Structures are given as C-alpha cells and as structure tokens.
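The values are calculated or read from the model by the stated rules, or taken from the named source; none is laboratory data. This structure is a prediction, so every number in the text was calculated from the model and none was measured. We place every Cβ from the backbone using ideal geometry, glycine too, and count neighbours over all the protein chains shown. Quick note on the areas: whole protein, heavy atoms, side chains included, nothing else; ligands and nucleic acids left out. Shrake-Rupley method; radii C 1.70, N 1.55, O 1.52, S 1.80 Å.
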Amino acid sequence: PLHLSILPDPPLPRPDWVRVQNRLCGICGSDLHQIFLDTGLDVAPVALPAHRRIYLGHEMVGVVTETGAAVTGLSVGERVVRWGRANDCRARGLADLCPPCRRGHRVLCERASEPLAHEPIGGGFGDSFITPAATLLPVPDALSDEQAIFIEPAAVAIHAAFRRPPQAGERVLVIGCGTVGYLLVQALRALQPACHIAAVAQFPWQADLARRYGAGHVFLAGDDGFAEVARLTGGKVYAGRGGNRMLIGGFDVVFDVVGVETTLNHALRWTRAGGTVVLVGVHLHRMRLDVTPVWYQEVSLVGAVGHDVQEWEGERLSSFELAMRWMQSGLLTTGGLLTHRFPLSEYRQAFRAAVDKAQFRSVKVAFRMDNLPISESPNLPISESPNLPISQSPQTQGGCK
Ligand SMILES: [Zn+2]
Ligand SMILES: [Zn+2]
C-alpha cells in the first residue's frame, strides 16, 4: 500500500488554515508502525474509527507559504513545527474545549475520533501540506532546521519525564537508547541534576551516546539485566524455578521507552517496592505481562503519550515551548542524533536505515525536501523493493502515537 505519489495542491478549506512547505522531517517509530502495519487488530486504539487516509511525518520543520484570512499569530515565511493534530478541539476551532484540551493535553482530546468537516491533506513526508493554523507553532530563529525536527520528540521526552519527575538522590533507569531515550536522559537531568540515571542500550555505540547525553551507567539488553540492576541499586536477586527471577530493591523509577513485552516485564520487576514504571514506548500488540509487582510491590504503572502543559520555574508552558527553551539554553542537545538524510525519492533506503539500526547505526533518519526530484521518482509499491525486509517487525520506540 505504500507508494510515493503526486497530489495536486488543494485549496485551503477554511480561513483558519495554512499551507506549509516542508524542509526537513524526521522518521518516527510511530511512522514505521504504520508503514509496516505493525498493529494487532485487538488493541484498544484499533476500535476507534480510522482516518480515510493517513499522511506520515509529524517531526517536520517547514515554512508557511499561505495563510487563510482568519489566521492570526502565523505569517507567510515563518518557520513552523507541527504541534497538534488536526482533530483536537483547538484545531476544529471550537470555543468550548473538552477537559483534556482545556488542561492543555491535546493528544488526549475527547473529540479526536469525531468526524471532521475538513481532513488535513499531506504530512511531513511530502513537499507541502495544509492544516489548521492551531496545529502549528513558530520556531525561534536560534534553532536550526536540524534542531527543529527534534522539538516534537523532545516534547514527548519532557512530558514523559514530568509523568514522574525524579527526586534528589533517586535512581532512575531509561530502557531504550534511541532519539526519545537520549532526550529523556537529558530531560531527567534537567529536572533533577542530583539523580542517578542509568540506561539500557541494544548496541555498544548506543551506550556510548547515552553516556555522552548524561547517563551515568549503561548496560546492554544482552547483559544479565537482573545482575546489573542489583549492582547499580544495591538490590537483591532471587531465583525461582524455571529461570523465574525477582529483584527486591531496584530503581525508584523506570522509563520503558521501548515498551515491548520483554522490556515492560523487566521494568516491573526492576522497580523497587512503591516505585513507578512509566510506559513511554508504543507497542500496538497485546502482551503477556506479569503484573503481580503492581500489587505485590505496589509498583505504579503509568503511561505517557505525546505532550501536554507543565509548570516550569513558575510558568505554565507547553512541552513544545519548554523543549524549544531547553534546546536554546543547551539543557537539551541534539548534536549527533540526526544520522541520516535522504530525499523523498529514496524512501525505501530511508526506511531501511531507520529500521536496521545494527547495520546503519542510525539514530534519527530524516527526509530532506530540498530540490525534490519528484517527477523522476518511481511510483512503485514498496513490496517491489527487493531489499527491504517488509515482513520484519521493527522494534521501534517513541511515545507519540
Ligand atoms: Zn514522533
Ligand atoms: Zn478536545
């Protein structure tokens, strides 16, 4: 079903909409879930009505090229990132906001699944798109395009960190060393400089990056995690029958940025009694989970999705505003995270690089939209590409689905 095609530029359907020309757009784990149709049909979100068409690419930075007559706060030529979805109360132009939208957690909008009068057309994986102006935020000049595509994942990481902010002296574990993992390590450090942050990486080069971004200890997914956690926290491992192990003691907070069966089961057992697991990773399948630590150790399991509004130094700021502020002040850095850039016509290679982290050593792969050779690009279904392992279910991460 995946192919590159040329669509005519549609007119703006409402006076509060704008047209945006893309410049750069990161590939997110949630884009890959949709490309590889990596979803069980029996999970909760699938029960909701689907959009007629899904346009991929939300980690974009672009320039406003047209504004409707009623648009305020955005002008032609301004650089923007995508902030919200076109289906929440603000994007619909409603005066009476639902409770989550009123709180500022637009991703949880209660009206998101109601029919839309006008569907947005296009996304970040294309030369341009049209959308309600309320779904965009201007980018400060101080941030480059290469930084701006990390504003959304940084907002996701900040929101996740605020779901259970670390206290001074606490031990925190981040499972998953990809874009959101590295940004989360930095966000936790920004929130609480006096906490101890450990991380779990899949590959040694990811562990090096995690250390560079502030993780004090990193072990690999292939290591004996129970032994590592016991060593790092002073906890004690008990071994039962058939390889069943339990740890008494453990981390105060574990952020599971991968969110698959193995990592979430580990997270629940590696958390101390009364501690918290924050589920950040997106996995759209039912899992076999041992949830006994939730009652047996009173471990709290909380989720984090997208971005919201939080208090910071006496101000109420959206996660996006806080991300931009922290990126400008250097509390969040993204150097070394954008590892690959492809033109849209090389989308097969781009998705391959995003999935195959072992071979490509990729962190963030992005599409660059400069001199798009779209007229020459093949318009073939992706299944005709000989090299892409399409049946492979990529272990992706992210928290923005
Ligand atoms: Zn994302
Ligand atoms: Zn709403």
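Conditions tested, residue by residue: (1) modelled with pLDDT under 95; (2) touching a helix residue (DSSP H, G or I) at 6+ places or on another chain (Cβ under 8 Å).
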{"site": "Ile54", "(1), (2)": "yes, yes"}
{"site": "Gly77", "(1), (2)": "no, no"}
{"site": "Ala86", "(1), (2)": "yes, yes"}
{"site": "Arg90", "(1), (2)": "yes, yes"}
{"site": "Cys109", "(1), (2)": "no, yes"}
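Listed here are the strands (runs of 3 or more DSSP E) enclosed by region 274-325 that have at least 2 residues being open to solvent by 50 Å² or more (accessible area, probe 1.4 Å) and farther than 21 Å from Val172 by Cβ: 315-318.
Among residues of region 239-253 that are at pLDDT 95 or above, those with a Cβ under 7 angstrom from a residue that is in a helix (DSSP H, G or I) and aromatic (Phe, Trp, Tyr), sequence gap 6+ or separate chain, pair up as Arg245/Phe226; Leu247/Phe226. Out of everything in region 211-233 that is part of a helix (DSSP H, G or I) and among the small types (Gly, Ala, Ser), what residue ends up being most open to solvent (accessible area, probe 1.4 Å)? Checking each candidate, the answer is Ala227. One residue alone among Leu74, Leu24, Leu32 is within 16 Å of ligand 1 (Cβ to nearest atom), touching a residue at least 60 places away in the same chain (Cβ under 8 Å) and touching a Ser or Thr at 6+ places or on another chain (Cβ under 7 Å), and that residue is Leu32. Taken over region 326-338, the criterion of being surrounded by fewer than 16 Cβ atoms within 10 Å (Cβ to Cβ) and of a type in the set (S, T, N, Q) is satisfied by Gln328, Ser329.
Of Glu119, Glu66, which residue is among the charged types (D, E, K, R), in contact with a Lys or Arg (Cβ under 8 Å, 6 or more places away or on another chain), modelled with pLDDT of 95 or more and more than 16 Å from ligand 1 (Cβ to nearest atom)?
Glu66
So which of Leu247, Leu209, Leu184 is of a type in the set (A, V, I, L, M) and out of contact with any strand residue (DSSP E or B) (no Cβ under 6 Å at 6 or more places or on another chain)? Among Leu247, Leu209, Leu184, only Leu209 is of a type in the set (A, V, I, L, M) and out of contact with any strand residue (DSSP E or B) (no Cβ under 6 Å at 6 or more places or on another chain). Within region 351-371, the set of residues being more than 17 Å from Gly335 (Cα to Cα), charged (D, E, K, R) and in a loop (DSSP other than H, G, I, E, B) comprises Asp356, Asp370.
Return a yes/no flag: does region 7-21 have any residue that is under 30 Å from Ser144 (Cβ atoms), within 16 Å of ligand 1 (Cβ to nearest atom) and of a type in the set (Lys, Arg). Within region 7-21 (the criterion being under 30 Å from Ser144 (Cβ atoms), within 16 Å of ligand 1 (Cβ to nearest atom) and of a type in the set (Lys, Arg)), the answer is no, since none of the residues qualifies.
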